[in-house]
Structure formats: structure tokens, C-alpha cells
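Take a look at the structure below.
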Amino acid sequence: MKVRRSERLIDMTHYLLDHPHELIPLTFFAKRYESAKSSISEDLAIAKKTFKKRGTGILETIPGAAGGVVFIPEISPEEAKRYIESLAARLSEQDRLLPGGYVYLSDLLGEPDLLRQVGRIIASKYLGQKIDAVMTVATKGVPIAQAVSYYLNVPFVIVRRDSKITEGSTVSVNYVSGSSERIEKMELSKRSLKRGSRVLVVDDFMKGGGTINGMQSLIEEFECDLVGVTVFAEAKFKGKRAVNDYTSLLFVEDVDTQTKTISVVPGNYFDE
């Protein structure tokens, strides 16, 4: 059924936002709205201009018979910086400090809007790179990985520390925990990751980097390539980290268990 242009623009925008990194032929929209390709092209030009102006993302046009448009979500550096600074202020709240110097994150990682923004911010860091899968370790990294994978439109895989019969046959590696220096084990289902995949690792929190290093070992076992590592927050660590090349949104620079104060600042996300 033919629709009015205003309705067409609203529906088209909604469809593009729901299908990031997916090539959509112009013929799809032409049939969907019973409109000429020339009209669809004009509508897409409006959407492209608006996305760019609002910092929503990039609408890329692919020429040729097999071409179309691809919506690539992103967030402007200014907006990302404002949001990360607001997160740092929230994490610096006194009641987030737990016994042993741990920082309480569970409530933040349960907020849908926060996860959407964090997903956009992390995905924007890897705009120009090909990514086939997002990897994390159970359990608190799962919502972050899911948010990132949505904006990249790729699957996310969950590494576990204990075997589950529902996972089928698995590949396991031993790794040294960076904080406790104990040898631990993690494993991933053989069906989770295809050989040759380009993998982005994300996690909620990093101290010594042992868990991240373990996931890197798993990626090597699957004969895949590591694209990058991003963590929601990192803590100050005395000693040598198991991981050197990583990105963090937040940095816990000081924890005082006696005064029960915590200081959190933006991480290295904006470093060159």
C-alpha cells in the first residue's frame, strides 16, 4: 500500500536503525512503500543528512546493481565524552565501594539505556574494522557484549569457567588470574566460533588482565584473529598486567577502604 512521504520517512528511519551494518537494496524500500527509486533516493538523502547532523551514524551508499544503503551507528566524540564523564561521576559514589575494595557495577549494567549508550560508544571505536564476533566471559560482561554486538550486527559468544552439558564439546585453556595469580580454566563451545573469525573482546572490569589474556588464548586455539579489547572499567594494578593493548571507558584511579571513598575518571578511550 502506498504511503505518504512523512510516514515513509518515519518507517524507513526506524527500519535503518533496527538493521545496522546490513546492506539494504533500494528495491526493498521501493517495494515496501510502492514508490519510485528516485523518491526513495531523495528520502535516504534526507535521512543521511539528519543522521550526520544529529551524530546518529553514517548512511553509506553502495553503488551498482547489487548495491543499496548501509546504516553504520556511531556516536560523536563530544557526546561520548559527556556520557563517559557522567558514568565516572556515578561510579565515584561512596556507596559503590564493597568490602575488599571491589566496585559495585551490577545496577548500572542492568540499565537498558546505559547499555545502549555503552554499546554505541564501544562499537564506534571499531567503525573501520571488520568484526565477525564479540567475545566476553560469563557473567557480568554478557549484557555489554550483547549491546556491542547489536550495534555491530554480529553474534556474541560467551566464554564460561565451568562446563555445561548444553554447550556440547568445548575447547578449554588454562590461564593465570592477574589479581590472585591462581591458575584457572575457561572454555568455549566448539560451535560458538568459526575458524578465521575476527573477534572483539569486551568485559566489564579488568585488574591484572588475566581473564582477558585467557580469552586471547582461546581465540588463538580457534585459529581466529583478535581485533581489539575494550573494558567498561579498569582498576589501578600494582605489577605487570597480562594485557597491554586495550581500551577502557573508565579508570578507577583511587580506592580508600578506610574513608570509604572511590575516585573514577574517564579511561583511555580518547587516547590516540
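Each value in this text was obtained by applying a stated rule to the coordinates, not by laboratory testing. As the structure is a computational prediction, the values presented were derived from the model and not from experiment. For neighbour counting, all protein chains shown are included, and Cβ atoms are generated from backbone atoms with ideal geometry for every residue, glycine included.
Could you tell me what a quarter of the Cα convex hull surface of the range 38-112 works out to, in nm² with one decimal place?
Numbers: hull surface 31.2 nm².
Averaged projected area of the range 38-112's Cα convex hull equals 7.8 nm².
Compared with the dominant Cα axis of the chain, that is its longest principal axis, helix 37-54 is turned about 40°.
Nearest 10 degrees, 0 to 90: what angle lies between the long axis of helix 210-221 and the longest principal axis of the chain (Cα atoms)? On a 0 to 90 degree scale, this one is about 60. If a spin label sat at a point 7 angstrom from the Cα of Arg116 along the line to its beta carbon, no backbone N atom of the range 86-105 would be nearer than 14 Å. Pairs of Cα atoms nearer than 8 Å and 6+ residues apart set the relative contact order; for the range 93-153 it is 36 percent. From the P(r) of the range 1-156, can you give the percent of Cα pairs sitting at distances over 29 Å? Roughly 31 percent, rounded to a whole number.
Here the range 180-254 yields Rg over Rh of 0.99, to two decimals, using C-alpha coordinates and the Kirkwood radius.
In this structure, the residue pairs whose Cα-Cα separation is over 29 Å, taken from Lys53/Lys125; Lys53/Lys81; Lys48/Lys140; Lys31/Lys125; Lys185/Lys238; Lys37/Lys194, are Lys48/Lys140; Lys31/Lys125; Lys37/Lys194. Working from label points 7 Å from Cα in the Cα-to-Cβ sense, the Leu23 to Arg4 distance is 3.6 nm. Modelled this way, with points 7 Å down the Cα-to-C-beta line, the labels at Asp271 and Ala89 are 2.5 nm from one another. Rg and Dmax of the chain, both derived from C-alpha coordinates alone, stand at 21.2, 69 Å. For the pair the range 185-212 and the range 46-123, the centres of their Cα atoms are 22 angstrom apart. Projected label points at Ser163 and Ser76, each 7 Å from Cα along the beta carbon direction, are separated by 5.3 nanometres.
Take the Cα of Tyr102, go 7 Å toward its beta carbon, and the backbone nitrogen atoms of the range 204-232 under 15 Å from that spot belong to 204-208.
Under the combined filter of DSSP loop state and at most 14 neighbouring Cβ atoms within 10 Å, the range 151-206 retains these trypsin sites (Lys or Arg not before Pro): Arg161, Lys164, Arg182, Lys190, Arg191, Lys194, Arg195. For the range 1-51, taking Cα atoms only, Rg and Dmax work out to 10.1, 27 Å respectively.
Specify, per residue and in Å³, the volume enclosed by the convex hull of the alpha carbon atoms belonging to the range 138-272.
Numbers: hull volume 17.7 nm³, N = 135.
Normalising the Cα hull of the range 138-272 by residue number yields 131 Å³.
Antiparallel versus total DSSP beta bridges in the range 137-270: what percent is that, nearest 5? Restricted to the range 137-270, the bridges split so that about 50 percent are antiparallel.
May I ask you to work out the translational diffusion coefficient for the range 100-180 at 25 °C, viscosity 0.890 mPa s, via Stokes-Einstein with Rh from the Kirkwood sum over Cα pairs, reported in whole µm²/s? Don't skip to the answer; put the middle values down first.
Working: Rh = 14.5 Å.
Result for D is 169 µm²/s.
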